[in-house]
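One structure is given below, encoded as structure tokens.
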Amino acid sequence: MISTQIPSKSYVKRLDVFYVLSEGVVVAGDVESKSRKGLLHYTRIVLDPVTMKITKASCDCEAGAFGKKCWHVKTLEELVKTDLKKEVEKVREEMLAVEEDIASWG
């Protein structure tokens, strides 16, 4: 798991990039509310390791509770395309290596 801080993005307080074999590459973090200073929302997106497209997205904010795509999810999506590209690719390669190893067992 890679845990990182992005100083230029002050609204993102904590960020983790890791994988879950049954899901894919996960980017999760605490993203600060735009309307309520100091309130953090746990936001998570899951990327398919082959296509690198988002398969799941969730946020614990009000919009996310109703299944809507909120600003917090869009923020993480943007970070994946820009600042987190290297970290996401590193985790993706690690995940694919583990899956290949498991496949060779039997």
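Every number in this text was worked out from the coordinates using simple rules, so none of it is lab data. Everything numeric in this text was worked out from a predicted model, so none of it was measured. For neighbour counting, all protein chains shown are included, and Cβ atoms are generated from backbone atoms with ideal geometry for every residue, glycine included.
The figures follow:
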quantity: Restricting the range 7-27 to residues that are outside any loop (DSSP other than H, G, I, E, B) and either without any contact (Cβ under 8 Å) to a residue 24 or more places away in the chain or surrounded by fewer than 16 Cβ atoms within 10 Å (Cβ to Cβ) (or both), the residue that is farthest from the chain's Cα centre (by Cα); calculated: LYS13
quantity: Identity of the residue in the range 35-62, surrounded by 12 or more Cβ atoms within 10 Å (Cβ to Cβ) and among the basic types (Lys, Arg), that ends up nearest to the chain's Cα centre (by Cα); calculated: ARG44
quantity: Any hit, the range 84-100, residues being part of a strand (DSSP E or B) and crowded, with 19+ Cβ neighbours inside 10 Å; calculated: no
quantity: Failed item, numbered, when LYS69 is tested on (1) out of contact with any strand residue (DSSP E or B) (no Cβ under 8 Å at 6 or more places or on another chain); (2) farther than 22 Å from LEU21 by Cα; (3) of a type in the set (Lys, Arg); calculated: (1)
